[in-house]
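Asks: Below is one structure. I have some questions about it.
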Amino acid sequence: MTRSHAIAAALLCLPLGLAACAPARTNTTYSANEIGRSAEVSFGIIVSMRQVSVQGQQSGVGTLGGAVLGGAAGSYIGGRDPRANILGAVAGAIVGGVAGSAAEGSLSQGTAVEFVIREDNGRTITVVQTNEDNFQPGERVVLSRGARTRIARAAPNM
């Protein structure tokens, strides 16, 4: 495998590496520092719900990774001409950084559901989370307020 093939393979793997870095922020996913912490619990009824867009957060990993890979790939453009190699590396770093940033942003975006919940105490609140449990309006839920507020299906007798 030549160097240019290795660089091309690395550039093709960049989106996969960024996808692995994308956070898995679902209703049923907890971070390690949340384990063992207590949370306040209350109950309520889902009044309504709607789909919302979640914007990705830029950590800079995509930009940096893209710039490094683009700079490395671009440095081979000039062959034996050092000036052309430098210009190719700079141009490759700029293009790679922009592409990496765009890839990271699109990989960390998604959709969630905004739930409007009327609590038993009469307060009405909203909670935004994923809906892998397929909640529907009218369902009784338990709200857990810890590091994040989450909803889960309440037991039938609760």
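Just so it is clear, none of the values below were taken in a lab; they were calculated from the coordinates. Bear in mind that the values here come from a model prediction, so they are computed numbers and not experimental data.
Asks: Taking θ as phi - 60°, what are the ³J(HN,Hα) couplings along segment 114-130 by the Karplus curve (6.51, -1.76, 1.60), each to the nearest whole Hz, with x for Gly and Pro?
Replies: Per-residue couplings from phi come out as 9, 9, 9, 10, 9, 6, 4, 7, x, 6, 10, 10, 10, 9, 9, 7, 6 Hz.
Asks: Quick one: which residues, 5+ away or cross-chain, put their amide H under 5 Å from the amide H of residue 139? H built at 1.01 Å from N.
Replies: Amide H neighbours of residue 139, under 5 Å, 5+ apart: 46.
Asks: Could I ask something else about it? Once phi is turned into ³J(HN,Hα) by the Karplus curve 6.51 cos²θ - 1.76 cosθ + 1.60 with θ = phi - 60°, what whole-Hz value does each residue of segment 136-146 show in order, with x for glycine and proline?
Replies: 9, x, x, 6, 7, 10, 9, 9, 10, 10, x
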